[in-house]
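Taking it in order: structure first as C-alpha coordinates, then the write-up.
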Amino acid sequence: MHDFVTVVSVKHDGSAHRLWKKGPVVCKKPLVVRVDSGEHVVEADGREWSSPFPVFLWFHPDAWFNVIILCKKDGTGYYCNIASPPIFYEKENRYEFVDYDLDVIVEMDGSYQVVDREEYNEHVKKFAYPPDVRSKVNEGLTELLSLLEQNREPFTRAYRETLFTLGKSRI
(Lines give C-alpha, C1' and ligand atoms only; values in the text may rest on other atoms or scores of the structure.)
Protein backbone atom coordinates (compact mmCIF):
# COMPACT_ATOMS: atom_id res chain seq x y z
CA MET A 1 0.00 0.00 0.00
CA HIS A 2 1.18 3.51 -0.79
CA ASP A 3 1.62 6.21 1.82
CA PHE A 4 -0.68 8.74 0.10
CA VAL A 5 -3.93 7.96 -1.70
CA THR A 6 -6.81 9.74 -3.37
CA VAL A 7 -10.35 8.86 -2.30
CA VAL A 8 -13.19 9.17 -4.81
CA SER A 9 -16.92 8.91 -4.24
CA VAL A 10 -19.14 8.13 -7.24
CA LYS A 11 -22.84 7.55 -7.74
CA HIS A 12 -24.33 4.21 -8.84
CA ASP A 13 -24.02 5.14 -12.53
CA GLY A 14 -20.30 5.92 -12.10
CA SER A 15 -20.72 9.70 -12.23
CA ALA A 16 -18.47 11.78 -9.98
CA HIS A 17 -19.73 12.74 -6.54
CA ARG A 18 -16.79 13.88 -4.38
CA LEU A 19 -12.97 13.75 -4.38
CA TRP A 20 -10.56 13.90 -1.48
CA LYS A 21 -7.14 14.75 -2.86
CA LYS A 22 -4.07 12.91 -1.68
CA GLY A 23 -4.13 12.04 2.01
CA PRO A 24 -1.79 9.90 4.09
CA VAL A 25 -2.81 6.37 4.98
CA VAL A 26 -2.83 6.12 8.78
CA CYS A 27 -3.96 2.50 9.02
CA LYS A 28 -4.34 -0.26 6.43
CA LYS A 29 -6.99 -2.55 8.00
CA PRO A 30 -9.40 -1.01 8.37
CA LEU A 31 -8.30 1.62 5.87
CA VAL A 32 -7.96 5.03 7.49
CA VAL A 33 -6.92 8.11 5.52
CA ARG A 34 -6.18 11.43 7.24
CA VAL A 35 -7.39 14.66 5.65
CA ASP A 36 -5.81 17.69 7.27
CA SER A 37 -7.68 20.92 7.91
CA GLY A 38 -7.49 23.15 4.87
CA GLU A 39 -7.09 20.26 2.39
CA HIS A 40 -9.41 20.72 -0.58
CA VAL A 41 -12.38 18.48 -1.24
CA VAL A 42 -13.80 18.68 -4.78
CA GLU A 43 -17.52 18.27 -5.45
CA ALA A 44 -18.97 16.85 -8.70
CA ASP A 45 -19.81 20.35 -9.96
CA GLY A 46 -16.20 21.48 -9.47
CA ARG A 47 -16.78 23.46 -6.28
CA GLU A 48 -14.01 23.08 -3.72
CA TRP A 49 -14.20 23.41 0.02
CA SER A 50 -12.09 22.45 3.00
CA SER A 51 -12.71 21.49 6.58
CA PRO A 52 -11.53 23.83 9.36
CA PHE A 53 -10.49 20.75 11.36
CA PRO A 54 -8.76 17.45 10.53
CA VAL A 55 -10.82 14.40 9.64
CA PHE A 56 -10.18 10.70 9.27
CA LEU A 57 -11.87 8.69 6.50
CA TRP A 58 -12.57 5.19 7.90
CA PHE A 59 -13.33 2.25 5.60
CA HIS A 60 -13.88 -1.36 6.59
CA PRO A 61 -13.08 -3.59 3.58
CA ASP A 62 -16.41 -5.46 3.73
CA ALA A 63 -18.81 -2.89 5.19
CA TRP A 64 -21.48 -1.09 3.19
CA PHE A 65 -20.76 2.17 4.98
CA ASN A 66 -17.84 4.43 5.77
CA VAL A 67 -17.26 6.90 8.55
CA ILE A 68 -15.78 10.37 8.46
CA ILE A 69 -14.42 11.16 11.91
CA LEU A 70 -14.62 14.92 12.51
CA CYS A 71 -11.87 16.02 14.92
CA LYS A 72 -13.25 19.31 16.18
CA LYS A 73 -11.57 21.32 18.93
CA ASP A 74 -14.51 20.86 21.29
CA GLY A 75 -15.12 17.16 20.57
CA THR A 76 -15.62 14.51 17.93
CA GLY A 77 -18.52 14.17 15.54
CA TYR A 78 -19.11 11.70 12.73
CA TYR A 79 -20.54 11.83 9.23
CA CYS A 80 -21.37 8.34 8.03
CA ASN A 81 -22.09 7.40 4.42
CA ILE A 82 -24.03 4.33 3.42
CA ALA A 83 -21.81 3.20 0.57
CA SER A 84 -20.20 0.24 -1.15
CA PRO A 85 -16.93 -1.10 0.22
CA PRO A 86 -13.94 0.73 -1.29
CA ILE A 87 -12.10 -0.63 -4.32
CA PHE A 88 -8.40 0.12 -4.76
CA TYR A 89 -7.13 1.12 -8.21
CA GLU A 90 -3.39 0.58 -7.96
CA LYS A 91 -2.36 2.43 -11.14
CA GLU A 92 -4.05 5.62 -9.95
CA ASN A 93 -3.27 4.97 -6.28
CA ARG A 94 -6.95 5.64 -5.63
CA TYR A 95 -9.76 4.22 -3.54
CA GLU A 96 -13.26 4.51 -4.93
CA PHE A 97 -16.65 3.78 -3.43
CA VAL A 98 -20.27 4.20 -4.52
CA ASP A 99 -22.25 6.61 -2.36
CA TYR A 100 -25.78 5.31 -1.81
CA ASP A 101 -27.26 8.57 -0.56
CA LEU A 102 -28.29 7.68 3.00
CA ASP A 103 -26.16 9.35 5.65
CA VAL A 104 -26.02 9.25 9.42
CA ILE A 105 -24.95 12.40 11.24
CA VAL A 106 -23.62 11.76 14.74
CA GLU A 107 -23.35 14.73 17.07
CA MET A 108 -20.66 15.11 19.72
CA ASP A 109 -23.11 14.03 22.44
CA GLY A 110 -23.73 10.72 20.62
CA SER A 111 -27.18 11.60 19.32
CA TYR A 112 -27.69 10.82 15.65
CA GLN A 113 -30.09 11.09 12.77
CA VAL A 114 -30.46 9.28 9.46
CA VAL A 115 -30.72 11.83 6.65
CA ASP A 116 -31.30 11.95 2.90
CA ARG A 117 -34.00 9.25 2.76
CA GLU A 118 -35.82 11.21 0.05
CA GLU A 119 -32.66 11.39 -2.05
CA TYR A 120 -32.19 7.64 -1.63
CA ASN A 121 -35.79 6.90 -2.67
CA GLU A 122 -35.41 9.15 -5.74
CA HIS A 123 -32.13 7.50 -6.74
CA VAL A 124 -33.54 3.98 -6.29
CA LYS A 125 -35.79 4.85 -9.25
CA LYS A 126 -33.43 7.13 -11.20
CA PHE A 127 -30.46 4.72 -11.13
CA ALA A 128 -32.57 1.53 -10.93
CA TYR A 129 -30.76 0.16 -7.88
CA PRO A 130 -31.05 -3.62 -8.15
CA PRO A 131 -32.58 -5.62 -5.28
CA ASP A 132 -29.18 -6.90 -4.07
CA VAL A 133 -27.86 -3.32 -3.78
CA ARG A 134 -30.98 -2.17 -1.91
CA SER A 135 -30.54 -5.12 0.44
CA LYS A 136 -26.85 -4.28 1.03
CA VAL A 137 -27.76 -0.64 1.70
CA ASN A 138 -30.31 -1.70 4.34
CA GLU A 139 -27.84 -4.15 5.90
CA GLY A 140 -25.14 -1.45 5.94
CA LEU A 141 -27.43 1.01 7.70
CA THR A 142 -28.46 -1.61 10.27
CA GLU A 143 -24.82 -2.61 10.94
CA LEU A 144 -23.70 1.01 11.24
CA LEU A 145 -26.46 1.90 13.70
CA SER A 146 -25.68 -1.22 15.74
CA LEU A 147 -21.99 -0.24 16.04
CA LEU A 148 -23.00 3.26 17.00
CA GLU A 149 -25.56 2.22 19.61
CA GLN A 150 -23.15 -0.33 21.12
CA ASN A 151 -20.33 2.26 21.18
CA ARG A 152 -18.01 0.02 19.14
CA GLU A 153 -15.14 0.85 16.78
CA PRO A 154 -14.83 3.35 15.19
CA PHE A 155 -17.06 5.20 17.69
CA THR A 156 -15.10 4.56 20.89
CA ARG A 157 -12.95 7.09 22.72
CA ALA A 158 -10.02 4.63 22.77
CA TYR A 159 -10.19 4.21 18.99
CA ARG A 160 -10.27 7.98 18.44
CA GLU A 161 -7.23 8.41 20.67
CA THR A 162 -5.40 5.68 18.76
CA LEU A 163 -6.17 7.43 15.46
CA PHE A 164 -5.00 10.78 16.78
CA THR A 165 -1.72 9.19 17.90
CA LEU A 166 -1.24 7.35 14.60
CA GLY A 167 -2.22 10.45 12.64
CA LYS A 168 0.31 12.61 14.44
CA SER A 169 3.08 10.07 13.88
CA ARG A 170 2.44 10.24 10.12
CA ILE A 171 2.90 14.01 9.87
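The values are calculated or read from the model by the stated rules, or taken from the named source; none is laboratory data. Please read all numbers here as calculations on a predicted model, not as lab measurements. As a convention, Cβ positions derive from the backbone with ideal geometry for all residues, glycine included, and neighbour counts pool all protein chains shown.
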Region 65-97: number of residues that are surrounded by fewer than 15 Cβ atoms within 10 Å (Cβ to Cβ), of a type outside the set (Phe, Trp, Tyr) and either out of contact with any Lys or Arg (no Cβ under 9 Å at 6 or more places or on another chain) or without any contact (Cβ under 8 Å) to a residue 24 or more places away in the chain (or both): 8
Could you give every pair whose Cβ atoms fall below 6 Å, whose first residue belongs to region 50-61 and is at negative phi and surrounded by fewer than 23 Cβ atoms within 10 Å (Cβ to Cβ), and whose second residue is assigned to a strand (DSSP E or B) and among the small types (Gly, Ala, Ser), counting only separations of at least 6 or pairs across chains? none
Could you check, for region 154-169, whether at least one of its residues is on the phi < 0 side of the Ramachandran plot, more than 16 Å from the chain's Cα centre (by Cα) and part of a loop (DSSP other than H, G, I, E, B)? yes
Quick one: is TYR100 touching a Leu at 6+ places or on another chain (Cβ under 8 Å), outside any loop (DSSP other than H, G, I, E, B), modelled with pLDDT of 95 or more and not aliphatic (A, V, I, L, M)? no
Across region 37-49, what is the total count of residues that are surrounded by 15 or more Cβ atoms within 10 Å (Cβ to Cβ) and either within 27 Å of ARG152 (Cβ to Cβ) or of a type in the set (D, E, K, R) (or both)? 1
I'm told GLY75 meets every condition in (1) at pLDDT below 90; (2) touching a strand residue (DSSP E or B) at 6+ places or on another chain (Cβ under 7 Å) except one. Can you identify the failing condition by its number? (2)
Taking region 83-97 and the residues there that are over 17 Å from LEU147 (Cβ atoms) and in a loop (DSSP other than H, G, I, E, B), the one that is farthest from the chain's Cα centre (by Cα) would be LYS91
Answer yes or no as to whether VAL33 is in contact (Cβ under 8 Å) with a residue 60 or more places away in the chain and in contact with a Lys or Arg (Cβ under 6 Å, 6 or more places away or on another chain). no
Only one residue in ARG160, ARG134, ARG152 is more than 16 Å from PRO30 (Cβ to Cβ) and either surrounded by fewer than 17 Cβ atoms within 10 Å (Cβ to Cβ) or not small (Gly, Ala, Ser) (or both). Which one? ARG134
So, GLU118, is that one without any contact (Cβ under 8 Å) to a residue 12 or more places away in the chain and out of contact with any helix residue (DSSP H, G or I) (no Cβ under 9 Å at 6 or more places or on another chain) or not? yes
